[in-house]
Amino acid sequence: MVDLLYIIVFVLFQLSFLLQLYYAFVVHKRLFNYKVNGQLTDVVNPVSIIICARNEQNNLQDNLPSILEQDYQDFEVVVVNDCSVDDSHLVLRDLSAKYKHLKVVAISEHERFKHGKKFAVTLGIKAARNEFLLFTDADCRPSSALWLKRMQQHFADERTEIILGYSPYQRLSGFVNMLIRFETFFTALNYLAFALHGTPYMGVGRNMAYKKSLFFRGKGFAAHMHIPSGDDDLFVNQNATAFNTVIEIHPDSHVWSEPKKTFSEYFTQKLRHLGAGKAYKKAHQKMLTIQSASAIGFYIFLFCLIILQAQWYLILPAYLIRLGVLWFIYRPVFKKLGYPDLAWWLPVFDFIYYFYILALSIITLFKKKVRWK
């Protein structure tokens, strides 16, 4: 009986190992091979930048000028002031007097009608005058004045309808910050690499662009309006194809965000984000489930084999080969995505990340509905 158990565990360990190599070599290596284009085209498309803000007085004051002062000829910034009770309206009033291309859409809270971010985003899109839309958040700051120029240039190809950008979190001290940044790195690695692989499944609303006509042709957020989150990833999941989606990760196009300071704040944020995954296309859910399950299974079956006193030369090489492959492929990608310091922590956070996501996924099964702010 023990021998049979040993064989089963060993076979599952090897299967998990092979699946992990598949995702690394076939999918993630796409981003490893991706050449960041440093050239800029002369194409100028009128663009509307859309920001939804609820009680973001300080962030609007700190970050909005860097967006309004982008090095670009023809653009507007639409800020949806979504039921703010702070002094956001005063900040926006002062900025509107200085920047004529700032448009403010104000939403007032109704005591019987509670809405999520998707409603605010929809109003912002309807208020935008341009076909090409670029999205970010109030707590985000572009890494350069060329952010808008780099993102929009992909619309020169008429087939392009969605542009997936990248938004890293700032580096601070402490374990929580490292976990946040590693999770951000791996999320970006995954959705960017899968997009290059021809299977785009999500994007991040802190730095993403798409056509207004695509939004209305796909009936906006109608299919998932009941889900509090997902104005970004569910929209991409529903509308992105291998032919209409591209990525942009030049350092000038990064949009930096201030991370949560405490684990509880970050935990709450992640619960909200993970809730949208239940509405992904079934093929995408299966794809991501197999990926995570094979990583978690690799560690679990490794531990079981140690308990069963398997010979070290049967399990240690598999562990070292997987780690070596990940190190080889991920190390330059860490650099591309602005996190070179995290490469040295790969053996630690690769283990922590998957079990952390597993715990979050289990909790979301019992978590009640949450609001976006």
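Observations on the model:
- In order through the range 315-322: 3J(HN,Hα) via Karplus (6.51 cos²θ - 1.76 cosθ + 1.60), integer Hz, x for Gly, Pro: 10, 4, x, 5, 4, 5, 5, 4
- Within the same chain, aspartates and glutamates fewer than 8 places from K103 are excluded, and of the rest, those with a Cα less than 13 Å from its Cα are E76, D94.
- A viscosity of 0.692 mPa s and a temperature of 37 °C, combined with the Kirkwood radius over C-alpha pairs in the Stokes-Einstein formula, give the range 55-133 a diffusion coefficient of 244 µm²/s.
- Placed amide H near C140: partners under 5 Å, 5+ positions off or other chain: none
- By the rule of a C-alpha distance below 17 Å, with chain neighbours fewer than 8 residues away ignored, the aspartates and glutamates paired with K35 are E248, D252.
- Projected onto its three principal axes, the C-alpha set of the range 1-65 covers 68, 37, 17 Å, listed from the longest axis down.
- Hz values of 3J(HN,Hα) by residue in the range 338-343 - Karplus curve (6.51, -1.76, 1.60), Gly and Pro given as x: x, 10, x, 5, 6, 4
- Estimated FRET transfer efficiency when R0 is 35 angstrom, pair F175-S108 (beta carbons, to 0.05): 0.25
- Taking the inverse of the mean 1/r over every pair of distinct Cα atoms in the range 26-179 gives a Kirkwood hydrodynamic radius of 17.3 Å.
- Each Cα pair under 8 Å and six or more residues apart adds its sequence gap; the mean of these over the residue count of the chain is a relative contact order of 22 percent.
- Viscosity 1.002 mPa s, 20 °C: Kirkwood-radius Stokes-Einstein D of the range 121-179 over Cα pairs, µm²/s: 151 µm²/s
- Anisotropy class of the range 107-266 from Cα gyration tensor, a/c 1.5 cut: oblate
- Rounded to two decimals, the Cα radius of gyration of the chain over 2.2 N^0.38 Å is 1.05.
- Calculated P(r) tail over 28 Å for the range 199-348, as whole % of Cα pairs: 38 percent
Every number in this text was worked out from the coordinates using simple rules, so none of it is lab data. A quick note: this is a predicted structure, and the numbers were derived from the prediction, not measured. Cβ atoms come from the backbone with ideal geometry, glycine included; neighbour counts cover every protein chain shown.
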